[in-house]
1. Report, by residue number, each residue of the range 188-212 that is under 19 Å from Ile137 (Cα atoms) and in a loop (DSSP other than H, G, I, E, B).
2. Can you tell me how many residues within the range 179-208 are of a type in the set (A, V, I, L, M) and more than 10 Å from ligand 1 (Cβ to nearest atom)?
3. Suppose we keep only residues that are of a type outside the set (A, V, I, L, M, F, W, C) and under 27 Å from the mean Cα position of the chain (by Cα) within the range 156-167. Which one would you say is farthest from Asp118 (Cα to Cα)?
4. Give the residue, chosen from Arg63, Arg142, Arg98, that is in the same structural domain as Leu33 (by TED's automatic domain parsing) and either on the phi < 0 side of the Ramachandran plot or in contact (Cβ under 8 Å) with a residue 60 or more places away in the chain (or both).
5. For Leu254, indicate whether it is crowded, with 17+ Cβ neighbours inside 10 Å and outside the structural domain of Phe211 (by TED's automatic domain parsing).
6. In the range 137-155, what count of residues is obtained for those that are over 22 Å from the mean Cα position of the chain (by Cα) and buried (at least 20 other Cβ atoms within 10 Å of the Cβ)?
7. Count, please, the residues in the range 83-97 that happen to be closer than 10 Å to Arg142 by Cα and either more than 11 Å from the chain's Cα centre (by Cα) or in a helix (DSSP H, G or I) (or both).
8. Name the residues in the range 264-318 that are over 17 Å from Asp206 (Cβ atoms), in contact with a Leu (Cβ under 8 Å, 6 or more places away or on another chain), of a type outside the set (Ser, Thr, Tyr) and within 16 Å of ligand 2 (Cβ to nearest atom), would you?
Amino acid sequence: MSVVHVIHENPLWLPPLADAFDAAGVPWQELDLSSGTFDLSSVPPEGVFYNRMSASSHTRGHRYAAELTAAVLAWLSRHGRRVVNGPAALDLEISKVRQYAALEAAGLTVPRTVMVQDDRAALLAAAHRYFAGQPVILKPNRGGKGLGVRLFADVDALARQLDSLPQDEAPVDGIWLLQEYVRAPRPVITRAEFVGGRFVYAVEVDTTAGFELCPAEVCAVGDAACPVGETVVAEAPRFRILPDGIDAGLRAKLEAFLSQAGIDVAGIEFIQDDAGRTLVYDVNTNTNYNAGAEEAAGVAGTPRSGPGALARFLGAELAGGRRLAA
Ligand SMILES: Nc1ncnc2c1ncn2[C@@H]1O[C@H](COP(=O)(O)OP(=O)(O)O)[C@@H](O)[C@H]1O
Ligand SMILES: [Mg+2]
């Protein structure tokens, strides 16, 4: 039978999607690529493949899951399978540098960023050269959940703390990013969710408690998905769906970016700074939705929720494919 195959490596992120698929009557099965063996001379199963491989997969012990996924997607593409969030999306998921190139090509503004190969002396030299006299953010090129994202008040603070950075925090692809700190008038970022390339809703996320902003419920408290030390438990709800959405011009630009970049599903993060500039700094092609915010906005369990919109979109893709095949 033709089904939606969900490519992923973290089962803890699946239940909201499973509920939405069941509610919409969409047949699906998981394809866990935390490991795998594939006979490349065989033909892949029928159906639509939805790629949810995560940039942070290496933090769950799945060091090569993203690389395995890229290889599997090549095999699926060779057989003409429809892959939602296909190779181009995965390519951006695992590299902020490639995200920024694609965002700028689509006319969006990204924070000033300098990339440095993983060498602490070079990092310090670059910080002095490009960010002297200002706060600076240090983050890995292949990110996820805010892990390893640090703000330093100035380059001296970076210099003092660089030696004490744990070795295992070296960026997994060997690339560090030094980035201008975008100061927002209020301590919030916005994350706009898109399904089928179209805007669904935006959440405002309170950043006072830190930079680890994974919206999934399993990330909100100490849980196997988020090893101890990664989690921040906030008292007030940190995620709030914006009733009026986002600026129409920005929305159109972000949708055009997704179309140009070959991305069907994404959560795109941006900050509006003191000067009114909108700076886009993170594209999550593997996105999770905040259940509490969806409840509060009255969209939980409906097609206007993230999982609901996804189930509807993927169900339609599956039905379209079935019609073509018939
Ligand atoms: N340039 C920046 N200026 C201000 N805050 C930032 C900047 N970059 C990241 N942050 C904060 O850190 C969080 C995590 O950074 P992000 O680039 O999204 O990494 P990840 O891919 O791990 O989610 C952001 O959501 C934001 O709150
Ligand atoms: Mg982020």
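1. Thr207, Thr208, Ala209, Gly210, Phe211, Glu212
2. So the answer is 5.
3. Step by step, filter the range 156-167, then rank; the result is Pro166.
4. Arg63
5. Details: crowded, with 17+ Cβ neighbours inside 10 Å: yes; outside the structural domain of Phe211 (by TED's automatic domain parsing): no.
When the stated conditions are applied, Leu254 does not pass them.
6. 2
7. Matching residues across the range 83-97 total 4.
8. Once the filter is applied, which keeps residues that are over 17 Å from Asp206 (Cβ atoms), in contact with a Leu (Cβ under 8 Å, 6 or more places away or on another chain), of a type outside the set (Ser, Thr, Tyr) and within 16 Å of ligand 2 (Cβ to nearest atom), the range 264-318 yields Val265, Ala266, Ile268, Val280, Val283.
The values are calculated or read from the model by the stated rules, or taken from the named source; none is laboratory data. Remember, it's a predicted structure, so these values are computed and weren't measured experimentally. Reconstructed Cβ throughout: ideal geometry from the backbone, glycine too, with neighbour counts over all protein chains shown.
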